[in-house]
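Enquirer: Pasting a structure here, questions to come.
Derivation of every value follows stated rules applied to the coordinates shown; laboratory data play no part. Note that this is a predicted model, so its numbers are computed, not measured. Here Cβ is always computed from backbone atoms with ideal geometry, including for glycine, and neighbour counts include all displayed protein chains.
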Amino acid sequence: MSRVLKHFIMLLLGFCPLGDQLGTTPNIRDIVVGRCYNYMTLVHPGTRYDCEDIWTHFEDTVLRQPSCNVAVEDYRQMFRSMTQAPPCHTSLFWSKTRPLMHSYAAVMKHLWTLEDTLAGYMFNDLVWCRQQEDAGFDFSACPEWSACTNHPVYSLWRQASQNFAEMACGNVTVLLNGSISDAFNRRSMFGSVELDSLDPQRVHYVNLHVVASLGGPQIEACGQGSVMDLTRTLQTRGFRWTCTDNDQMLMALQCIQSRSSCSPTNLKSMLFN
Ligand SMILES: *[C@@H]1O[C@H](CO)[C@@H](O)[C@H](O)[C@H]1NC(C)=O
Ligand SMILES: *[C@@H]1O[C@H](CO)[C@@H](O)[C@H](O)[C@H]1NC(C)=O
């Protein structure tokens, strides 16, 4: 995992403190297939996917080989049965800004994150792995991401992230965290997979937002540190880009989200000064 990868690892570790690894999510088949029907029927009515077929490819991929051996490419067959292209100017990438990304996406309804794609929607927050000895899901425990060369969960997200970035067109938006020292991290999913998969021929502008947490600290900003490495890379690869520090709306959203540190006066000054 690039920075995004690391991000996902952190998330996963966040869900399983003290290395106490969760096993495969109970009822995973019903959840995955159910979410697929939900997506086609209620979330994006009019789209058509063969949910049972997607499940079959998924199950085959995960159960065919030992848990730590599910490579990114192994999911290609499954992803072929769920191809999708979000509209241009809607792709939102993020790194270490998950809660903010969620509120931003909730307000900017046209934006698509990976979680809005069929794959992201179906597999969000789930865990899966095969049993050591037997070709069934292991519901009692799964290896940590860091313990595997090719972790089945990580490999799926990596392929999903790659597809998502390859499909991006028009303007893309990137939310980076200005309160950490590696706002742009080459080992994150954004830095290691998505950035390299963006196509300068398809992407018109990469619009970066570096956002510090409300109470600070402000460690990185446009034109400094790792963000400058990112903009250099973008430049070299032929992308047009913009970079904005602490965008008003993003600060106001954090204010609303945090409640405690957000008085009506604060919010008003953020929005109207
Ligand atoms: C930045 O990262 C820190 C540490 O992970 C986190 O607490 C904070 O909420 C993040 N800030 C934003 C704006 O996402
Ligand atoms: C794309 O981004 C550029 C630079 O921020 C902006 O001038 C332009 O209006 C944007 N276009 C769309 C369709 O959002």
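Enquirer: Taking only C-alpha pairs under 8 Å that are 6+ residues apart, what is the relative contact order of the chain in percent?
Expert: Working: 481 pairs, mean separation 63.3, N = 273.
Once divided by the residue count of the chain, the mean separation gives 23 percent.
Enquirer: Using Cβ contacts closer than 10 Å as the measure, can you line up 110, 57 from fewest to most?
Expert: Working: 110 10, 57 19.
So the ranking, lowest neighbour count to highest, is 110, 57.
Enquirer: To continue, here is another question. Between beta-carbons, use under 15 Å as the cut-off and find the net charge around residue 113, counting Lys and Arg +1, Asp and Glu -1. List each step's numbers first, then the result.
Expert: Values: positive: 96, 98, 109; negative: 115, 116, 125, 194.
Neighbour charge sum, excluding residue 113 itself: -1.
Enquirer: When a/c is below 1.5 the answer is rounded, else prolate if a/b is larger than b/c, else oblate, so apply that to the range 61-111 with a ≥ b ≥ c taken from the square roots of the Cα gyration tensor eigenvalues. Present the calculation step by step, with values, prior to reporting the outcome.
Expert: On the way: a/c = 3.81, a/b = 1.88, b/c = 2.03.
It comes out oblate by the Cα gyration axes.
Enquirer: Rounded to whole Å, give me the distance from the Cα center of the range 138-181 to that of the range 194-239.
Expert: The distance from the Cα centre of the range 138-181 to that of the range 194-239 comes to 18 Å.
Enquirer: Something else now. Listing 24, 244 from the residue with the fewest other Cβ atoms within 10 Å to the one with the most, what is the order?
Expert: Details: 24 22, 244 14.
Ascending number of Cβ neighbours within 10 Å: 244, 24.
Enquirer: At a 10 Å Cβ-Cβ cut-off, how would you order 156, 267, fewest neighbours first?
Expert: Numbers: 156 24, 267 14.
In order of increasing Cβ crowding within 10 Å: 267, 156.
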